[in-house]
1. Residues with amide H under 5 Å of Leu193's amide H, sequence separation 5 or more or different chain, H placed in the peptide plane at 1.01 Å from N; which?
2. Could you tally the net charge around Gln170, taking each other residue with its Cβ under 10 Å from the Cβ of Gln170, Lys/Arg +1 and Asp/Glu -1?
3. Pairs Lys382/Lys439; Lys196/Lys259; Lys259/Lys371; Lys382/Lys422: which are spaced more than 19 Å apart, C-alpha to C-alpha?
4. Pull out the extension gain between Ser225 and Ile194, defined as 0.36 nm times the separation in residues minus the alpha carbon to alpha carbon distance; nm, one decimal.
5. Just to confirm a number: summing +1 for Lys and Arg and -1 for Asp and Glu over residues other than Ser225 whose beta-carbon lies under 15 angstrom from that of Ser225, what do you get?
6. Run through every distinct alpha carbon pair of the stretch 57-202 and return the Kirkwood hydrodynamic radius in angstroms, one decimal place.
7. How much net charge surrounds Pro26 when only other residues with a Cβ under 14 Å from its Cβ are counted (Lys, Arg +1; Asp, Glu -1)?
Amino acid sequence: MNSAKTYSYFILVLCFFSTSCFYKSPKTGVADDLDYTIICHTPKGDYLITHEEVFQASSKSSGPKGTYISGSADYRFTVRNLQTGIQATRLVTGDREKDMLPLGFDGNQLWFYSADKSVGLHARNPGTLDITITQKQIEEANPSFAGKLNTPTTTYDAKKFYSYDPVNNQITVLDLQGNLYGIDPATLHAVPLIKKSAFLQYLPSAFSTSAYFGIVKSVTLKGESRMHIDVDGIKSEESYLKGQILLEQDLNRLSHLSKKMRANLDVSNPFIPEHSNYDRTRPFDPSITSPKNYHETPYKYIPTSSELKEDSLRNVQNALRDKTAKDYKALIPMNNMVLGCDSNIIYIIHANNLADTSSLLISKINTKGNKFITQWTTLVPKIYFNPSDGIKKDDFGTLKAGNPKFRYEWYGKEGNVFIGIKMLFAFALDDSTGKMLWKQQL
């Protein structure tokens, strides 16, 4: 009997130090990291979709310089009901050589490139993640694609060849011969492209101390530890500890705003907003597009050609040839727009105190008329404002399995639901009241 107990104890000790005890199910285990989030608004409901990593630690060791963890990762996509947080479906793709690169949402379907060559470029239902369009169908619609599409073996490499252009609502593909095409997601027909869209070559950050409401109006947070809102030189009385303004990260919403902003620009002059002091009663002179110093004063009064000196006119004509200059005011603010793209509302994240374990606070402020009215402030429970400091003070990150990273942060809004992702948790607030709707560990 004693020998049996000794044997059982030996097995338990062996199991504790063996790699099998570190195993987490990719289907049910908690996520260790994530790198992509999107909200899909569909006729059947709104969905929050995240791309998550589940790390399988094979060994862990601690030393004077920290903890060292080795292992491998599996990847998955999780779909949650936006209003309830209930998981609708989860698709485990496997390791990096079988993972999928999310390209974008065309309003109906979510597009991916799979490193699994048998799947490749395809589209899925955002609510179920069932495949709705296959690469074979794309090749049938475009016979010249057969055998000529790039087949990168990792999603990292796939970014060079596959992407989604939300401004023109098309999938962009670079084939083996270096030819660029745009695929219509509805008809699947491809058309040659000269170059990729310049829209948001760099994705927006989650927050900043400055942001735009539109082309002209901007907002900043100024101060040392406690930050005050500043709009047009008018500062708020209320301050926010370590405050940051949340930025819009939804590319579809940003592209819609970009098109709207372009539409409001003068047809003859992309630098002149619809309601500027430009004299529209004058005859249009195609050689006149902007003053010489358009980067500094893009909205100042523009003189007629007779009022411009020859050297100034030459500089204007040179600027017209520069496509980047034409796009200046329609593209530059897009990676720094306030969350929700409202003309008055801003969201600020801030800390509730200066302790390492300070909690995350979120405030919704209406800045209309520079009155700075706080509509609500919510403390998100058990979410640190600065996870790297807070986790050192407790055992949250001391896990026997996995290797959690807490660097990813994302915020969004759809309808009356505010969504936040931080510290590997997703949570939703009622946008009208700030009341917590749900909170789930990823």
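Every number in this text was worked out from the coordinates using simple rules, so none of it is lab data. Since the model is a prediction, treat every value here as computed from it, not as a measurement. No Cβ is skipped: glycine too gets one built from the backbone with ideal geometry, and neighbour counts run over all protein chains shown.
1. Leu180, Tyr181, Gly182
2. -3
3. Result: Lys259/Lys371 exceed 19 Å.
4. Extra length from Ser225 to Ile194 when fully extended: 6.3 nm.
5. Residues close to Ser225 contribute a combined charge of -1.
6. For the stretch 57-202, inverting the mean 1/r across all distinct Cα pairs yields 16.9 Å.
7. In short, -1.
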